[in-house]
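Read the figures in this text as sums done on the coordinates, not as results from a lab. On a predicted model such as this, the values are computed, not experimentally measured, just so you know. Heads up, the Cβs are rebuilt from the backbone with ideal geometry, glycines too, and the neighbour counts pull from every protein chain shown.
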Amino acid sequence: MGFADIRLQAEPVSWTRYFAQNIRIPSSTNAGQSFNVYFTPPSSPNAPVYVFHHGAGSSGLSFSLVAQHLSTHLSAGIISYDVRHHGLTTINEDAEWDLSLSTLANDQVDVIQGVARHANWSTRDGGWPDLILVGHRSTTHNPINVVWVARSPHTSPLNLFSREFYVFV
């Protein structure tokens, strides 16, 4: 069997094998942009939600296996999304490319707030779940910037991190 024969046998694996939902979250700053988000709600009331930010050239699906493990074995929730200019996230094609840390941090805050609205976390017993922010490769600094953005006067009315938060890079 040659290499070409093996390649023909490979089939894409659906996101549904790893995540419960695939949702779209609009950008708060750009009407032409929406984020493609893979979301699995926590299955236990005290379980945390892991928020994954992939590296350059990847997508939210990069965390599929770890997401499946965390949700299955720890009852954890998962947010994993396609960063701007990656995967199925839509952008305003006329806009200048901006992948600065502040822009990526604001995008991640948009995603977290959008998922919180989608999941009705504001009405959840006990409030928002604990969030664990995880960055990979070129985005290891992003979780720290997200904390800074979330605690700024511009987002404090929503008190993004009203409970515990953790940062892993």
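Amide H to amide H, with H built 1.01 Å from N, VAL51 comes under 5 Å of ILE79, ILE132, LEU133, VAL134, counting only residues 5 or more places away or on other chains. A crude spin-label estimate for the pair LEU101 and HIS69, with each label 7 Å from Cα along the Cβ direction, gives 2.8 nm. Each residue of the stretch 111-128 is assigned a 3J(HN,Hα), and the resulting list reads 5, 4, 5, x, 5, 4, 5, 4, 8, 6, 5, 5, 9, 6, 4, x, x, 5 Hz, derived from the Karplus form 6.51 cos²θ - 1.76 cosθ + 1.60 (θ = phi - 60°), x at Gly and Pro. Applying both filters, DSSP loop and at most 15 other Cβ atoms within 10 Å, to the trypsin sites (Lys or Arg not before Pro) of the stretch 68-128 gives ARG124.
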